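The values are calculated or read from the model by the stated rules, or taken from the named source; none is laboratory data. Note that the structure is a prediction, hence the values are computed from the model and not measured. Note that we place each Cβ from the backbone using ideal geometry, even for glycine, and neighbour counts take in every protein chain shown.
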Ligand SMILES: *Cc1c(COP(=O)(O)O)cnc(C)c1O
């Protein structure tokens, strides 16, 4: 399978900028560049937009009439999936693992505006995939043709989207003659991190990819990353040989739980906004930024080195967690 001939439903505004962050760099003592996938454009942007170009194209190829996925109440993935489905003329259903939230704000407000069918599974987070399947089963009984997108859109197609994002980054670095020493990204359902790893291998970049997990234990991430890169490798019929050492996941910045803010993440939101005028989100990118601050402080990421921080979006989540962000 040639990755360039994979069906694609255009959504994103590409390439996203690769920005220098001079004030942040000065504060941290390392050169920080930011890959602005918060600015993928469609439906308020974020990393899921790249993945959805391939997932929605596949839904259309399979003649689906409704797209079903799942996540947390402030899921960026459900918001962008619902918007992409709408643009493709399809219905959308979002399965939340939790019970109904109090206020309709942030991503949840956008889900309502998009007219997505919202289902509350009242289950554990790790039962979300099962709950999505059950919703698909019910839709089939009603004569509908559901297309199932797993949590986070982390599939081989989602990974191919991030392989191509790596090529885009590689070209930007080449033009500016920059050799990065590390890439830092958020590790959630792992498709973004896996796709970046696959892309780095495929396009022959020699740069370590540091993931900061925000929702799962490190060992679970490592297993998911290996599986996703393996599935992608089979899919594109191109060997992507991964050493154990290539899989780098930092587990110290997750805090109490997924979507529970930490004091360090809160501080990272304020510092990044006040130094660079850039907003992070409390669930994903702020924990990752807090992780990068600490990894530089501890010398795991070297001072005076060049680091690409991959901003994966999530900005609407700020409005869904305003009290957490304010520390109230
Ligand atoms: C989903 C998401 C991530 C995590 O990406 P995965 O591919 O699920 O690991 C990171 N940042 C934001 C803002 C997200 O919405």
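Which condition does residue 89 not pass, out of (1) part of a helix (DSSP H, G or I); (2) away from the ligand (no atom under 15 Å from the Cβ); (3) surrounded by fewer than 16 Cβ atoms within 10 Å (Cβ to Cβ), if it passes all the others?
Condition (1) is where residue 89 drops out.
On the phi < 0 side of the Ramachandran plot, at pLDDT below 95 and out of contact with any helix residue (DSSP H, G or I) (no Cβ under 8 Å at 6 or more places or on another chain): is that true of residue 127 in this structure?
yes
Considering every residue within the range 2-22, establish whether at least one is modelled with pLDDT of 95 or more, part of a helix (DSSP H, G or I) and on the phi > 0 side of the Ramachandran plot.
No: zero hits.
Taking the condition in contact (Cβ under 8 Å) with a residue 60 or more places away in the chain and within 15 Å of the ligand (Cβ to nearest atom), does residue 94 pass?
No; evaluated as a whole, the condition is false for this residue.
Do we have any residue at all in the range 180-188 that's over 19 Å from residue 18 (Cβ atoms) and modelled with pLDDT of 95 or more?
yes
Can you tell me which residue within the range 284-306, out of those that are in contact (Cβ under 8 Å) with a residue 60 or more places away in the chain and out of contact with any strand residue (DSSP E or B) (no Cβ under 9 Å at 6 or more places or on another chain), is farthest from the ligand (Cβ to nearest atom)?
My answer is 303.
For residue 216, indicate whether it is in a helix (DSSP H, G or I) and at pLDDT 95 or above.
no
Search the range 100-112 for residues that are at positive phi and pair each with any residue that is surrounded by fewer than 22 Cβ atoms within 10 Å (Cβ to Cβ) when their beta-carbon atoms are under 9 Å apart and the residues are at least 6 apart or on different chains.
Partner pairs satisfying both residue conditions: 106/318; 106/319; 106/321; 106/322.
So, in the range 133-182, exactly how many residues are more than 15 Å from the ligand (Cβ to nearest atom) and part of a loop (DSSP other than H, G, I, E, B)?
Total satisfying the criteria: 10.
Which residues, counting only those in the range 210-233, are away from the ligand (no atom under 12 Å from the Cβ) and within 23 Å of residue 3 (Cβ to Cβ)?
Answer for the range 210-233, where residues must be away from the ligand (no atom under 12 Å from the Cβ) and within 23 Å of residue 3 (Cβ to Cβ): 226, 227, 229, 230, 231, 232, 233.
Looking at (1) in contact with a strand residue (DSSP E or B) (Cβ under 9 Å, 6 or more places away or on another chain); (2) surrounded by fewer than 19 Cβ atoms within 10 Å (Cβ to Cβ); (3) free of Cβ contacts under 8 Å to residues at least 60 places away in the same chain, can you tell me which one residue 280 breaks?
Answer for residue 280: the failing condition is (2).
Listed here are the residues, each with its yes/no results for (1) under 20 Å from the mean Cα position of the chain (by Cα); (2) surrounded by fewer than 24 Cβ atoms within 10 Å (Cβ to Cβ); (3) free of Cβ contacts under 8 Å to residues at least 24 places away in the same chain.
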residue	(1), (2), (3)
125	yes, yes, no
131	no, yes, no
135	no, yes, no
145	no, yes, no
162	yes, no, no
